[in-house]
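So the structure is just underneath, and the comments pick up after that.
Quick note: the coordinates plus some simple rules give every number you see, no bench work behind them. Not measured: the values here are computed from a predicted model. As a convention, Cβ positions derive from the backbone with ideal geometry for all residues, glycine included, and neighbour counts pool all protein chains shown.
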Amino acid sequence: MEAARVHAPVVRLADQQRSPLIAIKSVAKTYISASGSAVPALDNVALDIAPDEFVCIVGPSGCGKSTLLRLIAGLDRVSGGTITLASEPITGPSANVGVVFQSANLLPWMTVRDNVRLPLRVGGYRAKNEARIDALLTMVGLGSFGDKFPYELSGGMQQRVAICRALTRDPKILLMDEPFGALDALTRERMNVELQRIWQASGKTVVLITHSISEAVFLADRVVVMSARPGRILRDLKVGLDRPRAFNDVVGHPEYVKLTRTIRGLLDETEAKEDLLS
Ligand code: ADP
């Protein structure tokens, strides 16, 4: 099978010249624990994400990945620094940001269609755009499942419904926190291919957290590697593999091998430092 080709340099240059949709500058986040002590979760995090980009974040457990995602989603406040979306400061959750978590969190008494429609009702929108819901379900390959209930779907299908629900209000940005962490390895690979297709069809900016190095390299335009807590950005690595990507073409490609080794080395190093300090 033909190996995935490396992006032409001109494409990467054009990417770099776009102004950021998400701009994270010198961000710190400190929690106060139940006992009253300060828990520094993030320290001096800086990251720019361009429109349409697919960025994956990897890092040791507890390094602040979910915290960073919650801050971008407007679900929590920074302790220092700034985050802007399209140059506007974040003041709370926004219709421009959809979030997908590890668990699909579908309402079991509602059909697939009603679950996908839910953000329109909660957001005070009139549910006039049934055609959009149909189009979303078709996009994720569930066009004929609108009248099913969640228990009638596999884990992968439920997660696709969760992706649809996050896209219902047509957000510019899709934030995903370990969305396929609960799926078996084979389903997870299929979902990676599916997500790549959905991302290419929908033209969203995606930020995805994962513990899987291969998932990160397969999906991302850039893989951001974070240090152990307090989370900082250790490296921001561009993935020079052409799209659409297929696992059989990508795994074994020199670019994939080089990147996965580099990321594993960085994670081993930061985790070893954490062990020494703890
Ligand atoms: P990750 O997603 O990388 O596993 P988190 O962002 O969930 O990490 O957490 C980062 C650190 O902040 C962890 O040490 C965690 O225990 C701590 N933390 C997260 N949320 C809170 C909270 N609400 N109160 C106190 N500490 C928290």
- Task: Please work out whether region 48-194 counts as rounded, prolate or oblate from its C-alpha gyration tensor, where a ≥ b ≥ c are the square roots of the eigenvalues and a/c under 1.5 means rounded, while otherwise a/b larger than b/c means prolate and anything else oblate?
- Result: oblate
- Query: Taking the mean number of other Cβ atoms within 10 Å as a proxy for protection, how do you rank 153-159, 139-145 from highest to lowest?
  - Reply: 153-159, 139-145
- Rule-of-thumb check for region 136-214: C-alpha Rg over 2.2 N^0.38 Å? 1.06
- Message: Can you tell me, using C-alpha contacts under 8 Å and at least 6 residues apart, the relative contact order of the chain as a whole percent?
- Response: 26 percent
- Check cross-link reach from Lys204 to the lysines: straight Cα distance under 26 Å, and skip same-chain residues fewer than eight apart. Lys25, Lys65, Lys128, Lys172, Lys238
- Which FRET efficiency value, to the nearest 0.05, do you get for Leu75 and Ser35 by plugging their Cβ-Cβ distance into 1/(1 + (r/R0)^6) with R0 = 25 Å? 0.60
- Task: Just rank Val250, Val116, fewest to most, by other beta-carbon atoms within 10 angstrom.
- Result: Val250, Val116
- Can you tell me how much longer the chain between Arg197 and Ala272 gets when fully stretched, taken as 0.36 nm per residue apart minus their C-alpha distance, in nm with one decimal? 23.3 nm
